[in-house]
Amino acid sequence: IVNIERWPENNQPEAIGKITEVLGKPGENETEMHAIMAEFNLPFHFDPKLEKEAKNLTDVISENEVKKREDFRKTTTFTIDPDTAKDFDDALSIKSMSEGIWEIGVHIADVSHYVKPGGIIDAEAYERGTSVYLVDRVVPMLPERLSNELCSLRPHEDKLCYSVIFEINDQAIVLNSRIVKTVIHSDHRFTYEQAQEIIEGKQHTLGKEVSTLDTLAKALRKKRLKQGAIAFDKLEVGFELNEKGEPIGIFTKHHREAHHLIEEFMLLANRTVAEKIGKHEKGKPRRPFVYRIHDNPDPEKLKVFSDFIRKFGYRIQTREPGKLTDSFNKLFKEIEHTAEENVIEQMAIRTMSKAVYSTDNIGHYGLAFQHYTHFTSPIRRYPDLIVHRL
């Protein structure tokens, strides 16, 4: 990495620079990854002063703090994450209230308890904006002491959370909800693969709980799609690496029931938080808030997409806006397991507007939600941390 001190000018033919950092030998994995990080101005490490401040944060949860919160430590709670995950920022709890009525908790690590506005940890998190995921590593928004320890909802440890608690019946109708600070104790850490095996019938001590959440999630998803949400389910590509970090294979990641289980409850929590703020009382001023918004598709892009899929023998309804989402969902069912499935889904995503953060709520077209935000990942997204504070 070179800091250019003088560019060529007048009769001087060359630039003058000073080498500030040596990344290593070209071709070596670590060197090339650091080169990519340097190219996109991604930080390699945290300032030692910041690391020291993070290490000084206590992991002791005082009785006084517990008294301020709802105590969920005796309620069955678990996490479901990718096999390689090191930070677990969301957990689900489940408790039977009465016949056909369930109390479901969506528990999110209470990062705002530890990261206060104005401190050096907050300033660095604001600067980074999000964690960045590369093929073999994460460039985290927060130092490891927070992201992998204090705010990671690891099993068999008491943790502080900000939670959305739902009272839901067997038809997945939300009867009641509340947003509260909590203390939890995760009983188990599932990978997506392990949760999927339980959904498919494998015996487990928490089998009933996982299966119940899966049934409710399927009902929530069905209802969401019926209300006009688009069923994007694109394939993700993963890389198999050897011990040197070199890619030796490529595989596709399929979203299955276990992924949808987590997704539906995170969507429900995000939507509920946004509605609590967005549905303001008449006569009272709107409260400032960070929404996640998604505009209607651009008509020109829709025409290009429509012409493109016609070459494959498919059609979508573009003239009646109300029928567009149904038309997209019908298309996704028609192309399932065909050779052109992935290319058409990728094109469909590019046809849509980009989802963005805004204080001006126009709703979320793709999800068919009038109110939506990001509440569920304050470890890796600074906007979620703002939402928690608001």
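Placing unit charges on the Cβ atoms only, positive for Lys and Arg and negative for Asp and Glu, gives the chain a dipole magnitude near 1760 debye about its Cα centre.
Averaged per residue, the chain has 57 square angstrom of accessible surface, using a 1.4 angstrom probe with ligands and nucleic acids left out.
Only sites in a loop by DSSP and with at most 11 other Cβ atoms within 10 Å count here; which trypsin sites (Lys or Arg not before Pro) in the range 319-360 make the cut? Sites meeting the loop and neighbour criteria: Arg319, Lys354.
Translational diffusion coefficient, Stokes-Einstein: compute it for the range 30-121 using the Kirkwood radius over C-alpha pairs as Rh, at 37 °C and 0.692 mPa s, and state it as an integer in µm² s⁻¹. The estimated diffusion coefficient comes to 189 µm²/s. Largest first and in whole Å, the equivalent-ellipsoid semi-axes of the range 139-276 read 27, 22, 17, each the square root of five times a Cα gyration tensor eigenvalue. The trypsin sites (Lys or Arg not before Pro) found in the range 116-220 that occupy coil by DSSP, while having at most 16 further C-beta atoms within 10 Å, are Arg137, Lys202.
Looking at the range 205-317, the pairs of alpha carbons with a distance over 26 Å make up 52% of the total. Ranking of His255, His45 by solvent-accessible surface, largest first: His45, His255 (1.4 Å probe, protein heavy atoms only, all chains present). The mean sequence separation of alpha-carbon pairs under 8 Å and at least six residues apart, normalised by the residue count of the range 132-187, gives a relative contact order of 30 percent. With springs only between Cα atoms under 10 Å apart, run a GNM on the chain and tell me which of Val115, Val138, Val22 wobbles the most. Checking each option, the largest mean-square fluctuation is seen for Val22. Of the complete DSSP H runs in the chain, those spanning 20 angstrom or more by Cα along the long axis with a mean Kyte-Doolittle score not below 0.0 are 257-278. Taking the Cα atoms of the range 317-390, the ratio Rg/Rh between the radius of gyration and the Kirkwood radius comes to 1.08.
The longest stretch of the chain left intact once loop-based GluC sites (Glu not before Pro) with at most 16 other Cβ atoms within 10 Å are removed from consideration, loops following DSSP, is 29-98.
Each Cα pair under 8 Å and six or more residues apart adds its sequence gap; the mean of these over the residue count of the range 1-113 is a relative contact order of 12 percent. Dividing the Cα radius of gyration of the chain by 2.2 N^0.38 Å, with N the residue count, gives 1.12. Along each principal axis, taking the top coordinate minus the bottom one, the Cα set of the range 198-259 gives 44, 36, 13 Å in descending order.
The relative contact order of the chain comes to 17 percent, based on Cα pairs under 8 Å that sit 6 or more residues apart.
At 20 °C and 1.002 mPa s, what whole-number value in µm²/s does Stokes-Einstein give for the translational diffusion of the range 132-209, with Rh from the Kirkwood sum over Cα pairs? Translational D for this selection: 136 µm²/s. Taking Leu225, Leu175, Leu150 as the candidate residues, the one with maximal mean-square fluctuation in a Gaussian network model of the chain, Cα springs under 10 Å, is Leu175.
If you roll a 1.4 angstrom probe over the protein chains with everything in place, what fraction of the accessible area of the chain belongs to carbon and sulfur, to the nearest %? Solvent-exposed carbon and sulfur of the chain make up 51 percent of the total. Between Pro13, Pro140, Pro288, the residue with the greatest mean-square fluctuation in the GNM of the chain (Cα pairs under 10 Å linked by springs) is Pro13.
Extents of the range 6-77, taken as max minus min of Cα coordinates on every principal axis and listed largest first, are 75, 27, 17 Å.
The values are calculated or read from the model by the stated rules, or taken from the named source; none is laboratory data. What you see is a predicted model; the values in this text were computed from it and never measured. Note: ideal-geometry Cβ built from the backbone for every residue, glycine included; neighbour counts use all protein chains shown. Ligands, DNA and RNA are excluded from the accessible area calculation, which covers all protein heavy atoms including side chains. Shrake-Rupley method; radii C 1.70, N 1.55, O 1.52, S 1.80 Å.
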